[in-house]
Every structure is written in C-alpha cells, then in structure tokens.
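A short write-up of the structure that comes next.
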Amino acid sequence: MSLHQAIQNKIDQKTKPLGSLGLLEDTAAQIARIQNSLSPELRFPRILVFAADHGLARAGVSTYPQEVTFQMVMNFLSGGAAINVFCRTHGLDLKIVDAGVNYDFPPELALINRKMAHGTRNCLLEKAMTTEECQKAMTTGAELVQEAKSQGTNIIGFGEMGIGNSSSAALLMSQYLGLPISECTGRGTGWNDEGLKKKTEILEQVLEKHGRISDPLEILTTFGGFEIAMIAGAMLQAAREKMIILVDGFICTAANLAALKMDPLIRDYCIYCHQSDESGHKKMLEAIGAKALLNMGLRLGEGTGAALAYPLIESAVDFFNKMASFESAGVSEADQGSLE
C-alpha cells in the first residue's frame, strides 16, 4: 500500500460516514502528504505580515492616504490590530516586516527591518520595481522563511499591509490570468460605485502603458509591491522546505499566483484559508483550483483569514491522529460507508 493509499485508508476507517468531514478530510490528507507521515504535526505556527507602500497610491486608487500604512504598522507593533488579537487567541507567533514602508521607524521597535525603499515607483508612469529589486525582495522573503524553519516552524502564513496593494493585486491577477481589469478590481478599502469606476479606469491606464507581459517575474516587477514580492519568494521557499503554506486573501493569493507561475509544484503545499469578499478573489481561487476553508465576507487582509482558519487546520490534524477507527472503537462499519 502506498503512503497516499494509507492516508486515505486511515481517514476512511475513522468512526464516521465516508467523506462526512468534508474539507477537513482533504486538509488532513494534504498535511499528511506534505509531511510524508501517518502522524503529522503542527509545530510553532507563525504568521509573517509584510508591510510596504506603493507609488501607485499617489494616482488616487485608494480611499485612504498613504501614511495609513505606517500608522497600521505601529498598531501591529502595539498589539492592537485584528491580526494581533487572532494570533493571541489561537497561539500563533506573529512577526511584522517592514518591506518598504514610506516611513523611518525607530530602531528600538520589535520590527523586522527589510526595507527595500520608501515604497515602489508609480507603475502608472514606470515599472514598480527593477528586476534586481524584485529578485532581492523575493530572496528576502525566502530568508525569513528559512529562519522560521530553523526555529522549528513547519506551518507558516502570510499577511500584508500597504495602501494601494489591492490595485497592485488586481493588476497582477489581470496579467497572470488574462482577464479584463474590470473583473479583477474591487472596492479595496471601501470605494463607492463612483470611486470603484475611477479606480478601474486608472488601472486600465496602467495596463495600456505596459501592455501584455508574458514573463512571470517581469509581471511581478512591473505591477507588484515589495510586500507582494517578498510573500511570493517566501511561499516558494516554504514549499522547498516542505512547510505548510497558509494563503490568506486577495492580495496574498495574488502573490501566490506569482509564485505558482514560477513553480506550479508549490500548489501541493498551499492551504487556501478563506474566500475574500474582495471582488475577483473567487475567480482567482477558481483559476488555481482551490477550495477555501472559510467564506465569511472577510476583506481586511493582515493575514486575518489565515489566523482564523488555523483552528480548523488543527482540528483536521487532530481528527486524523486521535479519532478512533471502527476497529479500535468496536463499531460495526456500514455496508455503504455511511451511518444511519
């Protein structure tokens, strides 16, 4: 019997109707395959939140001013944001990374300083990054995953903060999936109908300037952000380290798309934590072929969907490891694999 068969057999022999735990069964099987084990475990779960500013924000694609990025980083560091609360609730280690915020933070703060620059360039006028900057950002994300791995972490999630980054994600989605920008653009931080129309028109101008691009790295370089590039590099490294990757919402899934275009094999390591209420995320998940664990109308970012999904992932591993089998419990199996 192969390991894959043994994993499925172990799930099917639990005291329940076949398939009755739905996505929890799929999640348990995926984690067992990732760890190549019939006794998988979750060790030192960590969420890395990457923050950076976007030059495109100056074109008016967000309802919030750019300084909200650094203000929210300060909120993360003081423990007051949603991601802080959820990580405390569920026992997740949280690290905040300055990937390229347009602010100079005091050195004494508990902040991982990996600042690439004070924000990307305005991609309405030029490429957001140089190729060298994008590659360095990806390498930086990979190094942070290597550090987590060396500290015992085998499951890692990612979050982001950056005014304008839903526009960057929409541009990436449009380019990677070949979709009209109107199908990729959502309300972001809260645009009304008129504001959404304006945002979409600006993003159409960005695409007209740069045209259709085929190379995955060049797409990320042209439209991405430092935080998105770091997340893409981090996901690629996490897969190389055979870690479980928790994919958050719209922006983190755009980073995941970039990583998948560079190495499709990382898909096996990704758990898609929630379907964002941000327009376009459902289509992105469908294109990847992913089923999200949660669909709660979330669109906050920060890694909050990953943090909220973590107890479900714990539950999947625990039922796989601890739930009785028909044989061990002395329960008769149903002929058709279901209990009445």
Tally of residues being closer than 17 Å to Asn122 by Cβ and out of contact with any Cys (no Cβ under 9 Å at 6 or more places or on another chain) across region 189-210:
8
Go through the residues of region 298-308 one by one and say whether even a single one is of a type in the set (Gly, Ala, Ser), touching a Phe, Trp or Tyr at 6+ places or on another chain (Cβ under 8 Å) and part of a helix (DSSP H, G or I).
yes
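Yes/no per residue for (1) touching a residue at least 60 places away in the same chain (Cβ under 8 Å); (2) in a helix (DSSP H, G or I); (3) under 21 Å from the mean Cα position of the chain (by Cα):
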site: Pro40; (1), (2), (3): yes, no, no
site: Arg43; (1), (2), (3): yes, no, yes
site: Ile47; (1), (2), (3): yes, no, yes
site: Ala51; (1), (2), (3): yes, no, yes
site: Val61; (1), (2), (3): yes, no, no
site: Gln66; (1), (2), (3): yes, no, no
site: Thr69; (1), (2), (3): yes, yes, yes
site: Val73; (1), (2), (3): yes, yes, yes
site: Phe76; (1), (2), (3): yes, yes, yes
Working only within region 159-204, note down all residues that are under 18 Å from the mean Cα position of the chain (by Cα) and among the acidic types (Asp, Glu).
Glu160
Note on Val145: of the conditions (1) of a type in the set (Val, Ile, Thr); (2) in contact with a helix residue (DSSP H, G or I) (Cβ under 7 Å, 6 or more places away or on another chain); (3) closer than 21 Å to Val101 by Cα; (4) modelled with pLDDT under 95, unmet is (4)
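Quick grid of which residues meet (1) at pLDDT 95 or above; (2) over 30 Å from Glu327 (Cβ atoms); (3) surrounded by fewer than 15 Cβ atoms within 10 Å (Cβ to Cβ):
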residue	(1), (2), (3)
Leu18	yes, no, no
Arg33	yes, no, no
Val49	yes, yes, no
Pro65	no, yes, yes
Phe70	yes, yes, no
Met74	yes, yes, no
Ala99	yes, yes, no
Return the total of residues in region 208-249 being closer than 18 Å to Ile181 by Cα, part of a helix (DSSP H, G or I), in contact with a helix residue (DSSP H, G or I) (Cβ under 6 Å, 6 or more places away or on another chain) and of a type outside the set (Val, Ile, Thr).
4
Taking into account only those residues within region 125-152 that are closer than 16 Å to Ile231 by Cβ and β-branched (Val, Ile, Thr), which is surrounded by the fewest Cβ atoms within 10 Å (Cβ to Cβ)?
Thr139
Ile271 is checked against (1) within 12 Å of the chain's Cα centre (by Cα); (2) assigned to a helix (DSSP H, G or I); (3) closer than 21 Å to Tyr176 by Cα and fails just one. What number does that condition carry?
(2)
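Results for (1) in contact with a Leu (Cβ under 6 Å, 6 or more places away or on another chain); (2) closer than 19 Å to Phe226 by Cα; (3) among the basic types (Lys, Arg), shown as yes or no for each residue.
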site	(1), (2), (3)
Ala59	yes, yes, no
Pro65	no, yes, no
Met72	no, yes, no
Asn84	no, no, no
Cys87	yes, no, no
Asp98	yes, yes, no
Asp104	no, yes, no
Arg114	no, yes, yes
Cys123	yes, yes, no
Criterion: under 24 Å from His274 (Cβ atoms) and surrounded by fewer than 24 Cβ atoms within 10 Å (Cβ to Cβ) - qualifying residue of Met243, Met230:
Met243
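The values are calculated or read from the model by the stated rules, or taken from the named source; none is laboratory data. What you see is a predicted model; the values in this text were computed from it and never measured. Note that each Cβ is placed from the backbone with ideal geometry, even for glycine, and that neighbours are counted across all protein chains shown.
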